[in-house]
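Bear in mind that the values in this text are calculations on the coordinates, not laboratory data. On a predicted model such as this, the values are computed, not experimentally measured, just so you know. As a convention, Cβ positions derive from the backbone with ideal geometry for all residues, glycine included, and neighbour counts pool all protein chains shown.
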Amino acid sequence: MEVIIPYKPHPMQLKVHAETEQFVVLNWGRQTGKSTFVMNEILKEALSTPKGRFWIIAPTYRQVKAIYWKDHVKHYIPKQLVKRMNETELSVELTNGSVIELKGADNEDSLRGSRLHGVALDEYAFMKPHVWDTIISAMLNTTNGRVFFISTPNGYDHFHAMCQKAQKTKGWAYYHATSYDNPYASKTYIESKKLELPDDVFSQEYLADFTRKAGLVYKEFDKNIHVVSLLQPNKDWTKFVSIDFGQTNPTAVLFIGVDTADNIYIYDEIYRSNLYTSELAHEIKAKQGGYYVSRYLGDSAAAQSIKDLSEHGIYVFPVNKTPGTTQEDYFKGGITRIREYLKVQEGTGKPKMFIAGNCVNLINEFESYSWKEVKEGDMRNKPERPEKTNDHALDALRYFIYEHRKPKEQKKFTRKFDPVTGRIIS
């Protein structure tokens, strides 16, 4: 019996369907047929792998249900190929025994499982990086299943880093497509958006160009100004190590030098998830080499992690907010102080903070860390806060900078005076 799938791929989709590399990264703009491609590529993989397990992951459960289940699954998978559908679990079992499941990256508990034979991460730029790094990647170890990362850009973030990796790494493939590459898309509509939107927004959304993200917290940061290709620790620097502890989220460690003019040099980093304390201590000691560290710093809220590190000879000073300040003032105070160091000084024409090019995670966070969008009706009730993502290395930097610039407490002396002579008695 002949089964017809109602799908006519456009030339770019057809080109990627023919790709054979295991890891495929698609940097595609709006109106390029991203989700249509994903649905049909996963279906193709599932039909060629009997009893396989395949996932399509979107940033949220609501998105994956609205886009894929309500439209694509029922439209592109012919009934003759379906053995069983489960709307509660958003899964389709095919007649060859393979299963396609839809998942939301916002529900990480639903992403636990044994193994996968293939997966597509749709709008990957809008997921937390560890969804792939620490959860999904391990599920493909025994199958060598294929992986498709597809997204529109969202600033210089983890998706940007993955696009760069795909262009220079064996076993990876990279494809770029704009809205104009889809012959089925309305050119009139695309041109109307070009007139309506700011140039950088149109370039990002429809041309899939990486641009500086709107709403960035650290707008002063500029790779051409702040990033130095290589920074070697200077024996005259005062050296610090600042830590943002994580488990599922990455643990971020920054190695920082400060010179006599109070210029800050971030010369190395550690950025890893699921580190045992012994592993973390070993990596810190290896990175610091033979240099004396003036102080190790970390968030006071991570009391157990600080205690655990002390058992390995690393004694972390817990960074607390200044007494009398609110949590909001403490948080914003750290951001303000970092921005002061990023500013180019009038006298020197240089900033007071420099970052080594090998600190790629810190650099990526500087280029993607953005303020939350606050709805107009919530403006009075919600304080302005950044998105709680792409911030682990920046948190480590904030702990250091806050403690480094904290006003020193002045000692108070009680003195007695002779009322006749005016002299100090004690």
Pairs where the first residue, in segment 170-181, is within 14 Å of Val25 (Cα to Cα) and the second is part of a loop (DSSP other than H, G, I, E, B) and of a type in the set (Ser, Thr, Tyr), C-beta under 7 Å, 6+ apart: Ala177/Thr32
So which of Ala185, Ala177, Ala161, Ala166 ends up being surrounded by fewer than 20 Cβ atoms within 10 Å (Cβ to Cβ) and either within 25 Å of the chain's Cα centre (by Cα) or within 20 Å of Tyr271 (Cβ to Cβ) (or both)? Ala161
I need a count of the residues in segment 224-249 that are touching a residue at least 60 places away in the same chain (Cβ under 8 Å), part of a strand (DSSP E or B) and among the polar types (S, T, N, Q). 1
Out of (1) touching a residue at least 12 places away in the same chain (Cβ under 8 Å); (2) under 23 Å from Thr248 (Cα atoms); (3) surrounded by fewer than 22 Cβ atoms within 10 Å (Cβ to Cβ), what's the single condition that is false for Asp109? (1)
Residue pairs meeting the criteria (Cβ under 7 Å; at least 6 apart or on separate chains; first over 11 Å from Phe240 (Cβ atoms), in segment 250-262; second surrounded by fewer than 23 Cβ atoms within 10 Å (Cβ to Cβ) and among the aromatic types (Phe, Trp, Tyr)): Pro250/Tyr271; Ala252/Tyr271; Asp259/Trp237
Restricted to segment 82-108, and to residues that are in contact with a helix residue (DSSP H, G or I) (Cβ under 8 Å, 6 or more places away or on another chain) and of a type in the set (D, E, K, R), which residue is farthest from Pro50 (Cα to Cα)? Asp106
Filter result for Val24 (surrounded by 17 or more Cβ atoms within 10 Å (Cβ to Cβ), farther than 17 Å from Gly104 by Cβ and under 25 Å from the mean Cα position of the chain (by Cα)): yes
Could you list, in sequence order, all residues of segment 20-66 that are free of Cβ contacts under 8 Å to residues at least 40 places away in the same chain and either among the charged types (D, E, K, R) or not in a loop (DSSP other than H, G, I, E, B) (or both)? Met39, Asn40, Lys44, Lys65, Ala66
